[in-house]
Amino acid sequence: MPAGPHDAAPTMTRRIACASSLLALSASLGTLTAQQPADSALLRVYPVQGAVSVIAGAGGNVTVHNGKDGTLLVDTGVAASAARLSAEVRTRFNGAVLWIVNTHLHPDHVGGNDAFAQAEASKPTDFLGGRLDGTQPLKIIAHSNVLARLTRPSDATGPRLSEAGLPRDEYATPFKDLRFNDEAVILHHEPRAHTDGDTIVYFPRSDVVSTGDIFTPGGYPFIDVANGGTVNGEIAALNHILDLTVPGHTQEGGTYVIPGHGRICDEADVVEYRDMVVIVRDRVQDLIKKGLTVEQVQAAAPSRDYDAEYVTPTSFVKAADFVAAVYRSLAAK
């Protein structure tokens, strides 16, 4: 892999953030680990920066961009929390939900689509289908690979959404942009990372990046090989996130990063996470070159010095599963 401006030397010790605003957000969200089941009674809303807030407790983190035009959501959590999430959005934020961006196909990130689509369908319309309240119709957007997998009858890994809840405003280009609430919103497709349909969402004026499950600081990444995920694509996506972020004073704060699950982070957190994935990838690659099977590589425990940090009783991805996914994505070449 060619060296780049973000190829920092690895560190084994978690950096303790000094920026007070980042500490407050991180402490509030720190117990939410990758793919943790949601408790719909414990939704929490936190302002992040600029026009961006985050709702925790609905499954995956839900990013909210709100302003004079209304509300844009990045992901919608699990179906079980959808009614509570919808009520929280109506209570806390002004204007209708006009855009939903799904970062990928997993049910803890698209499960609430139907609830928002049904609320949209209940709005009164004129005989031409126009909204009597003057609002624009809801648009649900994702990469085309997400729509393809959600509508593939043989694919049992995604939720079964209604027609209205599907991301029909899909895009198939490397990026897509739109303007909302006087801010550019830039969607970047990250090929074959966590899945083959990942989108990261960049809000340049607010200086916030929403990553979906490409970045989950409380646990190992879920490299969903069955849905097109690869470790090299994961590393490339993390490097792209770093290309978008600019740290603040003494490398603290600056651009905030909202992960798919867990605490709010900044660039240094992503660097540490990226370095961990690179090191484990390189170790597994060396063992593959020696002819070891996946079981033998798991037994060698190439992630052992990171397990204490990234494996907890509630972690969705265990160390052996992470190592196996790295192995399979490398061996598939």
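Of note:
- Cα gyration tensor category, rounded, prolate or oblate, for segment 240-301 with a/c compared to 1.5: prolate
- Calculated FRET efficiency, Asp321 to Asp282, Cβ-Cβ distance, R0 = 22 Å: about 0.70 to the nearest 0.05.
- With K and R counted +1 and D and E -1, the other residues having a Cβ less than 11 Å from that of Ile141 yield a net charge of +1.
- Label-to-label distance, nm, for residues given as Lys290 and Arg179 (7 Å Cα→Cβ offset): 5.8 nm
- Relative packing of 212-219, 112-119, 300-307, which averages over residues the other C-beta atoms within 10 Å, highest first: 212-219, 112-119, 300-307
- Inter-label distance, nm, simple model (7 Å from Cα along the C-beta direction), Ala83/Thr151: 3.0 nm
Values quoted throughout were computed directly from the atomic coordinates according to the rules given, and no laboratory measurement underlies them. On a predicted model such as this, the values are computed, not experimentally measured, just so you know. Please note: Cβ atoms are built from the backbone with ideal geometry, for glycine as well, and neighbour counts cover all protein chains shown.
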